[in-house]
Amino acid sequence: AQTVAALGAYHSGRGDLRAAEPHFRQALDIRERVLGAEHPLPLNSLDYLAKALVELGQLDEAETLFRRVLAAHESRVGPQHSDTAFALTALGEVLAKKGAHAAAEPLIRRALAVQQQVLPSDHPDTGLSMWHLAETLRALGRADEAEPLARRTLQIWEASFGPEHEWTAWALINLAEVLYLDLQPQGIG
């Protein structure tokens, strides 16, 4: 399973998620049969597979898998753990990509609340939840709520990764989109 998962990671790292997907599925299958579904290694494989499916546009299956990841983390480490928060953010991301922004918002807010309690205030994962929440609020037309989150995300990621990192660029784009929305007359965007 470790070798098959490494092959999936190799293909994923090269940007070939179609080639990575069957390896992630095979690693997941082996690990679940040998270790059980709640062991950290199958959860890790499940998470990698779900992330690949998001990028491949297979959002319904990704949602199902992320719901499994979330349930397992809630059961295994509890609702107030950073792993659970990360799973909440991932599920919120999928729902937002499916256009269900109103359903994504409370999940991401819950994730952010946990992260703000258990992680340092400048942790990149906290920035990730802020970024997704700002994106969701922007999609809901709530630029005034999204702007401070977008600005804080930019601060966190620029300090963590530097000004030329991909995530810093995402934060800049997010902030620009929020500010643009805020400039638009009501109902036009």
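Miscellaneous remarks
- The simple spin-label model puts a point 7 Å past each Cα toward its Cβ; for Leu35 and Ala113 those points are separated by 3.1 nm.
- Projecting the Cα atoms of Pro22, Phe86, Asn44 onto the dipole axis of region 1-144, where Lys and Arg carry +1 and Asp and Glu carry -1 at the beta carbon, places Pro22 farthest toward the positive end.
- In sequence order, calculated HN-Hα J values of region 154-159 (Karplus, 6.51, -1.76, 1.60; Hz; x Gly/Pro): 4, 4, 5, 6, 5, 5
- In the chain, helices alone account for a calculated mean residue ellipticity at 222 nm of -27000 deg cm²/dmol, with every DSSP H run of four or more residues adding -39,500 (n - 2.57).
- The chain - charge dipole about Cα centre, Lys and Arg +1 at Cβ, Asp and Glu -1, debye rounded to 20: 380 debye
- The calculated pair-distance distribution of the chain uses every alpha carbon pair, bins of 5 angstrom beginning at 0, and gives 1, 9, 14, 17, 19, 17, 12, 6, 3, 1, 0, 0 percent.
- Within region 37-82, GluC sites (Glu not before Pro) in DSSP loop having at most 14 other beta-carbon neighbours inside 10 Å: Glu38
- In summary, the convex hull built on the alpha carbon positions of region 32-100 has an orientation-averaged projected area of 4.3 nm².
- Accessible surface of the chain, 1.4 Å probe, proportion on carbon and sulfur as whole %: 53 percent
- Nearest 10 degrees, 0 to 90: helix 59-76 Cα axis against the chain principal axis: 80 degrees
- Assigned charges on the beta-carbon of Lys, Arg, Asp, Glu; region 19-72 dipole about Cα centre (debye): 160 debye
The values are calculated or read from the model by the stated rules, or taken from the named source; none is laboratory data. These numbers were taken from a predicted model, which means no experiment stands behind them. Note that we place each Cβ from the backbone using ideal geometry, even for glycine, and neighbour counts take in every protein chain shown. To get the accessible areas, we keep the full protein, side chains included, count just its heavy atoms, and leave off ligands, DNA and RNA. Shrake-Rupley method; radii C 1.70, N 1.55, O 1.52, S 1.80 Å.
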